Each structure stands twice: as structure tokens, then as C-alpha cells.
Amino acid sequence: MKRAVQKRTLETRARLVAAAETLVADKGYEALRVEEVVLKAGVAKGTFFAHFRDKEALMDQLIGARIDGFLDEIETLPPPRDVAALVAAIEPLMRFMTCERYVFDIVLRHSGAALTEEIGPIASTFGRYDQVVSGWLAGSSFRRDVSPGLLAEGVQAFSVQAMALHFCALHSDRNMTHRLAEYLEAWLMPKTT
């Protein structure tokens, strides 16, 4: 049986997360330093490591929570009727995930694509994203020759590809959402010859 987490432990963790969120708002994710977090939270450095394995584990928590917030908003939207509406619905999430190269790198490493040993906050959001998009596509006018789940996985894969090319010197000349729209037109509305 798992031991109940003490109230003080939860409060300390909440202070660390709040301190990190404040620092991120001021300096960004990559510039965040553990030393600044513990100073702002008023705890010892060892206390930080009692709550988080390292800075990246804290980033998984912070970024995962932000992605969940975007998914909360996305879930309130009506199902998109066309590719343009679908891209518009997920664009704010994509903008956040590409707000810094560091954020995108953390998202990729913790998405499950990199075979992480544990399912953390970011990996959980990828599953939630698939559920939301799959639900949209289930009753849509998009292609019906494959399952909504597979269609949603494709939307997610093409989103990641468009975001990755956003950071590529050879391909950054095209707008990320325009590129995604082109991918999704081909994926969701294939032309028959």
C-alpha cells in the first residue's frame, strides 16, 4: 500500500513549481536554473532533488501542465469541418510547443517517442491529444477508409513534422501552419485519380 503524501511535501512541491513558473515567465524555459528556483522557493537545493530528478523532470511537469491547458481549450471547440478549422484549432498548442527550441526538444524527448521509461505529464498529453482529435474525426467529413484513431495519429505526426521543420534552416522559409495544412489536406482529404 502506498504511503499518503504529507501535506507539507505537497506544499513544498507546489512552491517549487510556482517559483519555476514565475521564473519561466520572466526568462523563458531554457534560461531556468535550479539554483534560482530553490532561492525563489526558499528551500535547499537538496529539497529540489527530493521532488524532481533533475531540471528536465521539472520541465516535464511545467510544459505538460501548459499543454494540458491548451488541450482543455481545444476540447471546448466544436469539431472542425475542414482542414483550415482543424489547423486553427491546434495552432495555439503548436505555437506554444515551438515558443523555444528548448521546449520543443523537451516535448519530443518526453512524448514517448524517445522510449522514456515512465509515462510523465508530457507523454500523457500526447495520448489525450489523440483522443480529442480522434473524437473530432469520428463524425467528420474527412476520409473514412481508415480509423479515426489512425487519422488522429497522422495529424499528430504531421504536426510534429511541421514543428520540427520550423526549426530547420533548410525549411524554415515556409509558415508552420501552412505546411501543416498542406500535409493534412493530403492525409485527410486524399484525391482519387
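Only residues in the range 163-186 that are outside any loop (DSSP other than H, G, I, E, B) count as the first member; pair them with residues that are aromatic (Phe, Trp, Tyr), Cβ under 7 angstrom, at least 6 apart or cross-chain, and list the lot.
Note: pairs meeting the criteria are MET163/PHE104; LEU180/PHE158; TYR183/PHE158; LEU184/PHE158.
Please verify whether ALA57 is over 23 Å from SER111 (Cβ atoms) and either modelled with pLDDT under 95 or more than 21 Å from the chain's Cα centre (by Cα) (or both), treating the condition exactly as stated.
Values: over 23 Å from SER111 (Cβ atoms): no; either modelled with pLDDT under 95 or more than 21 Å from the chain's Cα centre (by Cα) (or both): yes.
Judged against the criteria, ALA57 is not a match.
Looking at the range 136-153 only, could you name the residues that are within 17 Å of ALA88 (Cα to Cα) and free of Cβ contacts under 8 Å to residues at least 60 places away in the same chain?
TRP136, LEU137, PHE142, ALA152
Among (1) in a helix (DSSP H, G or I); (2) in contact (Cβ under 8 Å) with a residue 24 or more places away in the chain; (3) surrounded by 14 or more Cβ atoms within 10 Å (Cβ to Cβ), there is one condition ALA19 misses while meeting the rest; what is its number?
Of everything listed in (1) in a helix (DSSP H, G or I); (2) in contact (Cβ under 8 Å) with a residue 24 or more places away in the chain; (3) surrounded by 14 or more Cβ atoms within 10 Å (Cβ to Cβ), ALA19 misses just condition (2).
Of a type in the set (A, V, I, L, M), surrounded by fewer than 13 Cβ atoms within 10 Å (Cβ to Cβ) and either within 23 Å of LEU62 (Cα to Cα) or assigned by TED's automatic domain parsing to the domain that holds VAL87 (or both): is that true of ILE119 in this structure? Give the derivation first.
Details: of a type in the set (A, V, I, L, M): yes; surrounded by fewer than 13 Cβ atoms within 10 Å (Cβ to Cβ): yes; either within 23 Å of LEU62 (Cα to Cα) or assigned by TED's automatic domain parsing to the domain that holds VAL87 (or both): yes.
Answer is yes for this residue.
If I go through the range 16-54 residue by residue, how many of them are under 22 Å from ILE106 (Cβ atoms) and either in contact with a helix residue (DSSP H, G or I) (Cβ under 6 Å, 6 or more places away or on another chain) or of a type in the set (A, V, I, L, M, F, W, C) (or both)? Steps first, answer last, please.
Of all residues in the range 16-54, those under 22 Å from ILE106 (Cβ atoms) come to 16-38, 40-41, 45, 48-54.
From the residues that got through so far, the ones that are either in contact with a helix residue (DSSP H, G or I) (Cβ under 6 Å, 6 or more places away or on another chain) or of a type in the set (A, V, I, L, M, F, W, C) (or both) too are 16-20, 23-25, 29-32, 34, 36-38, 40-41, 45, 48-52.
Looking only at that region, the number is 24.
The values are calculated or read from the model by the stated rules, or taken from the named source; none is laboratory data. Everything numeric in this text was worked out from a predicted model, so none of it was measured. Here the Cβ is made from the backbone with ideal geometry for all residues, glycine too, and neighbour counts use every protein chain on show.
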